[in-house]
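Down below is the structure, laid out as C-alpha cells.
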Amino acid sequence: MQKKYYLEKMNPTNINIKVLYNYLKQDFERQELFPQFVLKRNFKKGRMEAVYLTDGQEKYGYAIYQKLPSLQGIFVSYLAILSKYRSNGLGGELISQLNDLSPAGMLLEVEDPEAAKGKKDYTTRLRRISFYERNGLHVNPNMKVNSFFVPLRMMDNLDKTDAYDISFYQRLYNRILGLPLGRIFIKENW
C-alpha cells in the first residue's frame, strides 16, 4: 500500500519554531538563514507559514513561505526534505503539495550557477535548478539578483515572467525583516 502524503501546517509555538530552526540549521548554510527571532516574529504575526510533508506518522520535509496576495501565490523561502528521506521522490511530492496549496503558483530563489565556487558547487546548483524545472518551475530570464551578497536566480511557475520585478522582491524582504533593507541588500545582478 502506497503512503498518502499531505501538508501539515506548523502551529507557531516557541518549541515548534525551535524544532523547525534546528532542521534549517542542518539543511542550509548559516549565511542563508534568517535569524531565529525574525522567523519567530513572522510566524507569530502570520506573515510567514511553515508546513511539513507528512503521512501522519513521520515528517519527511518542510517548506517556509509567505503568501503573495498581489500574485495570489506564495514565495517559498525554504524548502527541504530531511536528509534521511532524500532521493525518494519526496521533493517532487512536496512541490506538488505546495502547488495544490497555491494553484496560482509559487516563486522561489536558487543560487546562480554562474557564481559557483568550483565544479562541484556548479554541478550542485545546476542539479537544484533541474529538480525545480522537472517539477514545473522555470528560471525567470528577467531576474538575476544579488541578495545579501549572494547571487541568485528567481524561479517560478506563475503564468507570466513579468509578474514581479526587483522592487517587488525587495518589498518581500522588507516585510520579512521589518526594516526597509531591501533597497540596500537586494540588487539586480547583471
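Quick notes on this one:
- Cross-link table Lys25/Lys84; Lys84/Lys120; Lys119/Lys187; Lys4/Lys59; Lys59/Lys120, entries beyond 18 Å C-alpha to C-alpha: Lys84/Lys120; Lys119/Lys187; Lys59/Lys120
- Cβ-derived FRET efficiency at R0 30 Å, His138 paired with Lys59, nearest 0.05: 0.55
- Segment 70-137: relative contact order as a whole-number percent, Cα under 8 Å and 6+ apart: 34
- Amide hydrogen neighbours beyond the local backbone of Leu152, cut-off 5 Å, H modeled: Asp112, Val145, Asn146, Ser147
- Within the accessible surface of segment 97-190, defined with a 1.4 Å probe on protein heavy atoms only, the carbon and sulfur portion equals 53 percent.
- Net charge in the neighbourhood of Arg127 (other residues with Cβ under 13 Å of its Cβ; Lys, Arg +1, Asp, Glu -1) is +3.
- The coefficient of translational diffusion for segment 110-190, derived via Stokes-Einstein from the alpha carbon Kirkwood radius under 25 °C and 0.890 mPa s, stands at 183 µm²/s.
- Share of pairwise Cα separations in the chain, more than 23 Å, in percent: 42
- Counting DSSP beta bridges with both ends in segment 34-190, the antiparallel % (nearest 5): 90
- Surface analysis of segment 34-160 yields an accessible area of 49 Å² per residue, using protein heavy atoms and a 1.4 Å probe.
- Dipole magnitude (debye, nearest 20) for the chain, charges at Cβ of Lys, Arg, Asp, Glu: 620
- Applying the criteria of a DSSP loop state and at most 15 other Cβ atoms within 10 Å to the trypsin sites (Lys or Arg not before Pro) of segment 131-190 yields Lys160.
- Taking every alpha-carbon pair within segment 1-104, the share separated by more than 16 Å comes to 57 percent.
- Added length on full extension, which subtracts the Cα-Cα distance from 0.36 nm per residue, Asp100 to Asn16: 27.8 nm
- Residues with amide H under 5 Å from that of Leu158, placed H, sequence gap 5 or more: Met106
- Computed from label points 7 Å out along Cα-Cβ, the spacing between Arg171 and Phe185 is 2.0 nm.
The values are calculated or read from the model by the stated rules, or taken from the named source; none is laboratory data. Bear in mind that the values here come from a model prediction, so they are computed numbers and not experimental data. Ideal geometry is used to build each Cβ from the backbone, glycine not excepted, and the neighbour counts take in all protein chains shown. Accessible surface is based on the protein model in full, side chains and every heavy atom, while ligands, DNA and RNA are left aside. Shrake-Rupley method; radii C 1.70, N 1.55, O 1.52, S 1.80 Å.
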